[in-house]
Structures are given as C-alpha cells and as structure tokens.
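Student: Got a structure for you, questions after.
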Amino acid sequence: MDIFTTITLLFTISSIISYINHRYVKLPGTIGIMVIAIVLSIMILIAGKSFPLVYSFIRELSSSIDFTRTLLDVMLAFLLFASALHFDFEKLKTHKIPVLILSTVGVIGSTTIFGFLFYWTLPFFGIDIPILYCLLFGALISPTDPVAVLSILKKSKIPNSLETIIGGESLFNDGVGILLFVTLRELTENTDVVFTWSHTLQLFAQEVFGGLALGLASGFLCILLIKKAGELQIILMITISMVMGISVLGSLLHVSIPLAAVIAGLMLSNIELGESESSSHIKGLVDKIWGLIDDLLNTILFVMIGLQIVSIHFYSAYWLISILAIVFVLLARGISITLPAILLRRTLEIPYKRIGIIIWAGLRGGISVALALSLPFSEFKPMIVSVSYIIVIFSIVVQGLTLNQVVNKLVD
C-alpha cells in the first residue's frame with residue numbers, strides 16, 4: 001500500500017469515526033475516537049473469518065503504517081509544538097519547581113518501582129525475564145503522554161494550578177523517559193556495554209541539552225522571521241517549516257525532538273506581532289489554525305492507536321499480567337509523586353488531597369506504544385508490546401473518562 005493511499009484511508013476512517021462519535025456516541029473527543037476505533041478493530045478481528053477481505057484490508061493498512069517512526073519522528077513535534085504554543089508560559093514559570101521535580105524524580109522513581117515490581121511478579125507466571133527488560137518496560141511506560149494528557153485536560157474542570165503542573169510535567173518528562181529508555185535499550189542490545197555514569201551523562205547531554213539548544217535556535221530564528229513577515233500565509237509556512245526542520249534535524253543529530261518542539265512552542269507562545277489590530281487578528285488566526293492542526297493530528301493518532309490492535313498479538317497468559325501491570329503503574333506513579341510531595345511540601349505547595357488528581361491524571365498514550373514497538377526483537381517483546389497497549393487503553397479510556405469525577409471529589 002503506497003503512502004498516499006495509506007494517508008487517504010487514515011483521513012477517511014478518522015473522519016467517519018469522528019462523525020460517529022460527535023453525532024451518536026458523544027464521548028470526549030480523543031477518548032470517543034479511540035474507543036470506536038478499538039471496537040471497530042475488535043469487530044473486524046471477530047468477523048475475520050466471515051469477512052476475510054475486510055480483515056486483510058485493515059491489517060494491511062495497519063501494517064503499512066510505521067507507527068513508531070510516524071509518531072516519534074513526524075507527528076509528535078507538531079503535537080507538542082501546538083500544545084506548547086497554547087500553554088500559559090507565565091503560569092509555567094510560577095510552578096517550575098514542581099514541574100521540574102515531577103518530570104525528573106517522578107519518572108526515574110516510577111521506572112525503578114515498576115521495574116522491580118514487574119521483575120518480582122513474573123516468576124509466578126513461569127516467565128524468567130532479566131531485570132534490565134523490566135526496567136526498560138518501566139522507562140517506556142512511566143512518562144505521561146503529553147498528547148493524551150493535554151488533549152483531555154482541555155475540557156476538564158481541573159484547577160488552573162494543577163492543570164499547569166500536570167500539563168508542564170507531561171511536556172517535559174519525555175527527556176528523562178527517553179534517556180532512560182535509550183540507555184537501557186543499549187544495554188539490552190549489547191551485553192558487552194557496561195553501565196557507567198559518564199556514558200549516561202553523555203546520553204543525557206546529547207538528548208536533553210541538544211534538544212534544548214535545537215529548540216532555542218529554531219524558536220529564535222522563527223521569531224526573527226515572523227516578526228518581519230506580517231502575513232498569515234507566510235507566518236504559517238514559517239512555523240510549519242520550523243517544526244518539520246526540528247523533526248529532521250532532531251533525528252539526524254540524535255537529540256530530543258519532543259523537548260525541542262516544546263521549547264520552540266513556549267518561545268512563540270508569548271510573541272507579539274505588533275500593537276495594531278491587524279497584528280492581533282493574525283496572531284489569533286495563527287493560534288486557531290495550530291489548534292485545528294492539533295485536533296486533526298490527535299484524531300488521526302488515536303485512530304492509529306485503535307487500529308493497531310489488529311496487528312498486535314494478544315495471548316491469554318498476558319491478560320492477568322496486564323491487570324497487575326496496570327496496578328503497578330498506578331502504584332509506582334503514586335509513590336513517585338507522593339514521596340516528593342511529602343518531603344518537599346513547602347517547596348511544591350501541593351495539598352495532599354490534590355496529589356490523587358496528579359496521580360490519576362498521569363495518562364499514558366501513543367508514545368508508550370511507539371517505544372514498545374521500537375524494541376529490538378526478543379522473546380520478551382510481544383509481551384511488553386501487548387501489556388503496554390492494554391495499559392494505554394486503560395489509561396486513556398478509564399482514567400480519562402473518570403478524571404472529572406476524581407477532580408470533583410478531591411477539590412471540594
């Protein structure tokens with residue numbers, strides 16, 4: 001299946017599912033779209049023998065999409081830039097300390113706790129898995145997905161301060177999560193590599209500081225150009241080109257594309273094109289168009305996640321493991337959030353009752369699935385991919401649908 005046909009089918013299916021959700025199902029946008037896509041995929045799997053052509057068609061469509069590359073190297077930069085562009089930078093600066101702690105200590109702690117819980121539990125199922133693979137699983141499932149989190153928080157009644165903290169954490173924790181994932185994956189691929197702090201710091205500098213430098217340079221250049229443009233079409237072309245450039249350069253330089261896109265988006269979020277009424281109008285149109293791009297790509301992403309179920313192999317032995325893994329994910333996030341909040345209560349200034357909101361709002365999404373699919377082939381990969389997918393479904397559907405109820409109970 002060629003690229004244009006694949007894109008056409010994705011857009012068509014996304015449009016149909018969006019219409020069905022808006023007209024009949026009426027669930028919150030991203031959640032409803034993913035639920036319908038999953039139900040559609042399950043129906044196709046069940047009816048595969050009766051309608052082999054339909055099953056083969058959807059399977060071919062799903063397999064023709066390189067989910068990992070499409071999300072991490074292409075879509076993610078656009079999604080994060082659009083989210084950061086609409087983020088309140090002044091509020092982020094006010095809550096910078098809790099955001100920094102949650103996006104570093106929280107991810108590292110969650111990775112470690114989940115990894116050891118998973119390692120200690122699997123022998124009861126007759127599965128002997130190395131601790132490195134368990135920690136690798138923890139690294140890919142611990143970071144909260146900014147795409148999932150921010151898309152759901154848009155229509156949530158969560159307090160502004162908590163929204164800023166959770167949204168900020170989800171925007172910045174990818175650097176630490178990807179660092180851990182890349183380091184552990186290298187150790188699992190090459191057993192001759194010995195873990196050293198110097199090697200880890202080198203990877204950290206390359207991924208995080210490289211992404212920071214790329215984002216600052218791209219944002220600065222973009223600001224210089226659009227301030228002299230003055231026309232909507234040119235400004236849109238410049239910003240789109242910048243995001244595409246971040247994706248290409250980030251891949252070539254092996255630096256953090258998510259971090260670079262977030263930094264560039266935050267830099268442009270506070271830019272003023274001028275004091276005239278026309279300049280304000282153009283700025284408003286740019287924000288709206290990027291909002292539409294964000295919504296469109298979110299829709300396609302969640303349809304892609306839903307359709308992936310056709311190409312993922314689920315074994316009966318994995319279901320109980322998946323349930324335990326969901327508990328471990330929530331437990332690991334709970335401990336990694338609660339301990340810093342208690343020890344640094346005066347610094348973080350997060351009321352104890354609201355810690356539960358932060359824990360429950362830690363949604364996982366496409367990034368976890370993409371990282372799981374990027375794992376090198378091994379006897380443990382099918383299990384990690386399947387369990388990751390089930391965790392993501394639970395996170396977006398169950399946690400996403402009940403987030404408002406949790407907020408209402410713990411805020412009052």
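The values are calculated or read from the model by the stated rules, or taken from the named source; none is laboratory data. Computed from a predicted model, the values in this text were never measured in an experiment. Glycine also receives a Cβ, built like all others from the backbone with ideal geometry; neighbour counts cover every protein chain displayed. Side chains included, ligands, DNA and RNA excluded: accessible areas come from the protein's heavy atoms. Shrake-Rupley method; radii C 1.70, N 1.55, O 1.52, S 1.80 Å.
Student: Leaving ligands, DNA and RNA out of it, rank Lys91, Lys154 by accessible area with a 1.4 Å probe, largest first.
Tutor: If we order Lys91, Lys154 from most to least accessible, we get Lys154, Lys91.
Student: Given the options Trp120, Trp360, Trp290, which has the most mean-square fluctuation in a GNM of the chain, springs set between C-alpha atoms less than 10 angstrom apart?
Tutor: It is Trp120.
Student: Next question, about the same structure. Going down the table (Lys227/Lys288; Lys93/Lys154; Lys91/Lys157; Lys93/Lys227), which pairs top 22 Å between alpha carbons?
Tutor: Long pairs (Cα-Cα over 22 Å): Lys93/Lys227.
Student: Over the range 3-64, average the accessible area per residue using a 1.4 Å probe and give it in Å², no decimals.
Tutor: 62
Student: Now a separate question. Can you give the FRET efficiency for Phe125 and Phe377, using 1/(1 + (r/R0)^6), R0 = 25 Å, r = Cβ-Cβ distance, to the nearest 0.05?
Tutor: 0.70
Student: Additional query: Dimensions of the chain along principal axes (Cα, Å, largest first)?
Tutor: In descending order, the Cα extents are 69, 56, 51 Å.
Student: Taking Cα pairs under 8 Å and at least six residues apart, what relative contact order does the range 11-82 come out at, in percent?
Tutor: That works out to 15 percent.
Student: For the chain, with a Gaussian network of springs between Cα atoms less than 10 Å apart, report the residue from Thr164, Thr183, Thr144 with the top mean-square fluctuation.
Tutor: Most flexible of the set in this elastic network: Thr183.
Student: Quick check for me: using +1 on Lys/Arg Cβ and -1 on Asp/Glu Cβ, what's the dipole size of the chain about its Cα centre, in debye to the nearest 20?
Tutor: 980
Student: Among Val385, Val329, Val105, determine the one that fluctuates most according to a GNM of the chain built with springs between C-alpha atoms less than 10 Å apart.
Tutor: Val105
Student: Highest mean first, what order results for 209-217, 6-14 on Cβ atoms within 10 Å?
Tutor: 209-217, 6-14
Student: Let me ask something else. No solvent, one uniform scatterer per C-alpha: report log10 I(q)/I(0) for the range 214-274 via the Debye equation at q = 0.19, 0.23, 0.26 1/Å, two decimals.
Tutor: Each listed q maps to, in turn, -0.63, -0.87, -1.05.
Student: Now for a different question. Residue separation times 0.36 nm, minus the C-alpha to C-alpha distance between Ser251 and Leu344: what's the value?
Tutor: Full extension from Ser251 to Leu344 adds 29.8 nm.
Student: Next up: Within the accessible area of the chain, what % is carbon and sulfur when the probe is 1.4 Å and the other protein chains stay in place?
Tutor: Here it works out to 68 percent.
Student: Which loop trypsin sites (Lys or Arg not before Pro) in the range 2-56, with loop taken from DSSP, have no more than 11 other Cβ atoms within 10 angstrom of their Cβ?
Tutor: Passing both the DSSP loop test and the Cβ count: Lys26, Lys49.
Student: How long are the semi-axes of the ellipsoid equivalent to the range 16-74, from square roots of 5 times the Cα gyration tensor eigenvalues, in whole Å, largest first?
Tutor: 21, 20, 8
Student: Ok, one more. What percent does the relative contact order of the chain come to when contacts are Cα pairs within less than 8 Å and at least six residues apart?
Tutor: 28
Student: To continue, here is another question. Would you mind giving the three semi-axes, in whole Å and largest first, of the ellipsoid equivalent to the range 120-194 according to its Cα gyration tensor?
Tutor: Value: 33, 16, 8 Å, ordered largest first.
Student: If you don't mind, another one. For the peptides 78-90, 53-65, what is the packing order when you average, over each peptide's residues, the other Cβ atoms within 10 Å and list the highest mean first?
Tutor: The peptides rank, most packed first, as 78-90, 53-65.
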